[in-house]
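Presented below is the structure to which this report refers.
Every read-out reported here was derived from the displayed coordinates using simple, explicitly stated rules and does not represent laboratory data. Values in this document were obtained by computation on a predicted structure and should not be read as measured data. Every residue, glycine among them, receives a Cβ derived from its backbone with ideal geometry; neighbour counts consider all protein chains shown.
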Amino acid sequence: MIGLIIISIFITLITLSIFIIANRELSHSVILFMGFGLGSVILFFLFSAPDVALTEAVIGTGVSGVVLLVTLLQIRGRELKK
Amino acid sequence: MLDSFNQTPFLHGVITIGSFLLLTIGLIGALSKKNLFKIFLSLSIAEASLFIYFIGMHFEVGKVAPILSKEVDKFSSNMVDPVPQAMILTTIVIAIAVLSLALSFVINYFKLTNNLRIDEMDELGESR
Amino acid sequence: MNLKKEIRIETIVVSLVISLMTILLLSILLNFDVSTTNSLGSELLNINESTTQSANAVTSVVTYFRGFDTLGEVTILFLSIFGISLGLDNMNKKSNIFSYENRLLKIGVEVLFPLIILFGFYIIIHGHLSPGGGFQGGVIIASGFLLMFLAKNDDFRLNHKIITLCESFSGAGFILVGILGVLLADRFFGNFLPLGSVGDLFSGGLIPLIYIFVGIKVSAEITALVEYFIRIKDVG
Amino acid sequence: MSLIYFVVIPLLASFLTPFYKNYLKYISIGVNLLLLFLAIGFVSSAPLVENIAFDSALSISFVFDEASAFFVILFISIMLIFSIYNLQNENRKDIFILSNILLCGVLGLVLSGDIFNIYIFFEIVSIVAYILTSLNRDKQAYSGAIRYMIIGSVASIFLLIAIMSIYINIGTLNLVTIGERFGSMDLNIQFLILLSLFIGFGIKAEIFPLNFWVVDIYQASQNRVNALFSAIISKAYIFLFFHIAYTLKIEPKFLLFVAIIGAISFAISELSALSSRDMKRIFAYSTLGQIGVLFIALSYGNITVVSGAIFLIALHSITKVMLFFALDILKDRFNSVKVDIFGKFSSIFLLLIFSIGFLSLLGLPPFGGFIAKLTILKGLASLEAYMMIGVILIVSLVEAVYFFRLLALTQQSSQKELIQIPLLKKSVLAFLATMIVYFGIFPNDLLGVCQNVASSLLAGAGNV
């Protein structure tokens with residue numbers, strides 16, 4: 001069972017990463033990136049590494065999501081003003 | 001058929017191939033995309049793939065987390081190696097520190113020039 | 001030099017390198033076996049119970065066996081926040097980038113904020129007993145402050161003196177604990193506190209102390225980071 | 001006494017900054033002096049290993065052998081000179097906080113005997129370098145810093161790949177143990193690890209195919225920061241590159257490949273410098289060229305060649321620090337770093353400084369650079385590596401062309417401006433110039449030290 005779950009998560013992650021890079025809309029990329037983080041959190045949990053999963057959830061996805069979104073908002077605000 | 005999916009060597013193969021595909025996607029994205037924001041996103045993906053690879057390679061089916069609980073009351077060889085987890089914990093924090101510093105540079109650069117494309121960054125170079 | 005050209009060459013080079021490495025890895029994969037019999041991790045697991053009495057082996061590796069790495073990591077976080085703060089000026093004259101009024105959030109945050117802080121401290125001081133620890137708990141505390149920024153908008157301002165004091169006290173405390181180890185136990189980060197027994201809150205020797213310092217430092221730094229990023233809109 | 005103080009004291013000084021904001025510069029100088037005395041005190045008990053946290057081979061260890069002792073003293077003294085130079089007109093504290101953490105980072109890089117610990121210090125040094133690049137806060141600075149961050153992240157990714165492959169395959173992080181077990185690995189994996197290490201450290205050590213970014217970074221940052229880049233950061237990575245190479249006992253074939261890359265690096269950088277009209281870019285190209293020479297010399301595992309390279313490292317650091325400080329003074333006056341500022345100033349003192357610097361870089365007697373290049377060439381001749389000797393000599397001619405062209409510019413009869421140099425800066429420059437001349441005339445002491453350092457470097461980390 002665990003093998004199937006891991007394979008499907010990997011396929012999801014690869015698809016997500018292609019979308020993140022190929023996407024033209026930056027905000028979509030950020031949301032997809034947070035999805036990517038969530039996928040890796042599940043993987044870490046399956047690999048019996050709860051500490052890493054917690055850290056990735058809180059730091060890798062939470063804080064970096066906030067930072068990326070705020071950066072995007074700044075850039076958008078300027079572009080709209082222009 | 002399904003049983004062979006749960007074997008450790010097979011899982012390691014999946015993890016290696018998958019995370020190196022992710023690494024390839026991330027690095028190629030970082031070096032072929034022109035948008036600064038996208039470049040740093042791609043680099044984050046590449047780093048995340050390494051985290052998955054390293055943790056995954058030390059996982060074996062049936063091993064438990066190296067934490068004592070009600071069910072597990074003794075440290076034994078049936079536990080996952082704790083050192084990679086500690087290393088990745090450190091590296092995740094470093095990655096976010098670098099990412100936020102990079103993004104602050106991007107914001108400041110954008111405020112000065114209104115430019116986000118790396119191929120239009122022509123401030124540096126031989127002066128004419 | 002034409003940058004476009006450079007980037008194209010790099011891309012080709014890196015793609016070649018990566019494909020080479022992938023091929024190598026696939027060839028390695030066919031006869032792969034992880035030799036965990038005498039790796040660093042398994043030996044540390046063997047001595048963990050006798051040297052640290054911590055229930056969470058990852059925590060003991062992070063804070064005690066490889067505590068020096070954690071010091072470097074805390075330094076990196078400090079540096080990164082410092083670098084970000086160099087690029088900013090007049091924080092006090094800026095306002096939040098998310099500026100909207102929400103009564104529900106404003107009232108709710110009064111109840112939630114202390115709970116989040118409490119939860120963060122719980123995660124920090126139970127770092128040696130359960131998953132979690134200084135980094136995770138510190139970020140949870142910072143997320144409480146993030147909620148305050150979002151809810152209270154510009155009414156909520158941090159006292160930057162207190163934040164810098166927290167940072168420098170916890171950073172210095174972390175180092176001083178290490179130096180005390182040199183003086184009392186003959187080794188940097190050497191353990192000079194009683195170990196206790198596995199599962200107790202007061203166990204693990206230095207580990208809870210170090211994680212508390214790390215937690216305070218990380219929470220102060222991530223809070224400052226979030227504030228720097230959120231409060232950047234020019235007034236007027 | 002403990003080796004940890006080398007890393008911890010500068011760190012403590014920068015963590016506690018809020019308590020002595022106004023005295024930070026004096027505290028930094030005090031810290032540098034303290035560390036210098038500490039280092040000199042440790043030298044006599046040289047091969048020294050210290051474990052951190054618990055007494056076992058499993059812990060992180062710090063190794064203080066003759067090679068690392070030499071680099072520790074070199075870096076601390078350059079940082080001391082840098083702090084003294086910045087004493088006068090510096091009201092901002094950032095540069096002192098950054099230089100303290102930079103010192104902590106490079107000392108950790110040099111001393112640490114644990115590969116993941118080295119990664120941590122690698123990141124500390126990289127982040128300090130990114131911030132130092134952006135110090136000017138204009139669009140050039142940010143553009144340079146962003147490029148630096150992109151390339152630096154790629155470097156750290158490759159270094160992580162190497163560390164992870166090492167841990168997965170031989171289950172250890174200690175450099176000595178890695179050196180023992182490295183040969184027992186599968187050949188493919190060895191090649192993968194060496195390739196990743198080469199890319200990771202090669203980007204930071206500024207070696208040929210991976211150094212296209214360096215000149216832009218130099219142009220983007222301040223002159224005194226360039227002095228740090230050239231004298232401390234790149235030198236630390238060069239030491240690390242060869243420290244790890246000799247610890248892993250890799251085959252001479254691979255090192256010959258490194259030497260050829262060094263020769264290409266030398267030739268290409270000096271040729272690029274010919275067409276440049278920007279002083280900073282010229283100095284940056286010259287730094288890259290000297291790094292090429294160092295790579296040639298260090299990769300021949302011969303004691304004479306390597307000791308010449310160590311001599312060259314010390315001399316090149318001193319010379320580049322001096323040249324960048326002198327350029328800084330010119331930049332303050334003319335607000336430009338184009339080549340034509342060389343025709344505009346009139347100051348015997350600065351002219352002397354520049355001539356000493358250029359001639360020493362070229363390797364002409366009676367300056368220190370001569371001794372270094374002579375030792376390297378002698379060693380190469382004893383190894384019968386005549387190709388490399390030819391490359392070094394021919395490319396040095398190219399180097400001579402642009403340095404003498406610069407010196408000729410100063411004799412132009414356009415209108416000259418008198419330059420007043422503050423006494424402190426003047427004495428720092430004079431001290432550095434005296435050092436170059438002194439090591440050119442009385443090289444024997446330093447050469448003796450360099451031989452010990454070379455034998456310790458060639459023995460790798462496992463010699464203690």
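The alpha-carbon of B:K63 sits under 23 angstrom from the alpha-carbons of these lysines, leaving out residues fewer than 8 places away in its chain: B:K74.
Positive-end ranking of B:I52, B:L23, B:L89 along the dipole of segment B:18-89, with charges on Cβ about the Cα centre, is headed by B:L23. With helices as the sole contributors, chain D gives -24500 deg cm²/dmol at 222 nm; each DSSP H run of n ≥ 4 counts as -39500 (n - 2.57), and the sum is divided by every residue. Contact order, relative form, for chain D: 16 percent (alpha carbon pairs under 8 Å, 6 or more residues apart, mean separation divided by residue count).
Listed by chain and number, the lysines whose C-alpha is less than 16 Å from the C-alpha of C:K161, apart from same-chain residues fewer than 8 away, are C:K217, D:K21.
Highest mean first, the peptides C:153-161, D:142-150, B:73-81, D:297-305 sorted by other C-beta atoms within 10 Å per residue fall in the order D:142-150, D:297-305, B:73-81, C:153-161.
Provide the FRET efficiency to the nearest 0.05 for the A:S27-D:A46 pair, computing r from the beta carbons and using R0 = 56 Å. Efficiency, from the Cβ-Cβ distance: 0.45.
Normalised by the number of residues in chain A, the mean separation of alpha-carbon contacts (under 8 Å, six or more apart) gives a relative contact order of 25 percent.
Packing-wise, with mean Cβ within 10 Å as the measure, how do B:82-92, B:24-34, D:415-425 rank, highest first?
Averaged packing, sorted descending, gives the order B:82-92, B:24-34, D:415-425.
Taking the C-alpha atoms only, the angle from helix D:115-133 to the longest principal axis of chain D is near 20 degrees.
Under 28 Å of direct C-alpha separation, and excluding same-chain neighbours fewer than eight residues apart, D:K249 reaches these lysines: D:K204, D:K235, D:K373, D:K378. Quick one: angle between helix D:386-409 and the longest Cα principal axis of chain D, in degrees between 0 and 90, rounded to 10, please. Relative to chain D, helix D:386-409 is tipped by roughly 30 degrees.
Projecting the Cα atoms of D:A273, D:L364, D:A263 onto the charge dipole of segment D:252-464, computed from C-beta unit charges around the Cα centre, puts D:A273 farthest toward the positive end.
Hull volume per residue, based on the alpha-carbon atoms of chain D and their convex hull, is 133 Å³.
Going down the table (C:K93/D:K139; B:K33/C:K93; B:K111/D:K425), which pairs top 25 Å between alpha carbons? Pairs exceeding 25 Å: B:K33/C:K93; B:K111/D:K425. About its Cα centre, the dipole of the protein assembly as shown is roughly 2920 debye, where the only charges are +1 on Lys and Arg Cβ and -1 on Asp and Glu Cβ. Relative to the Cα centre, the charge distribution of chain D, modelled as +1 at Lys and Arg Cβ and -1 at Asp and Glu Cβ, gives a dipole magnitude of about 1360 debye.
For chain D, the longest principal axis of the alpha carbon atoms and the long axis of helix D:5-15 meet at an angle near 60°.
Normalised by the number of residues in segment D:55-188, the mean separation of alpha-carbon contacts (under 8 Å, six or more apart) gives a relative contact order of 25 percent.
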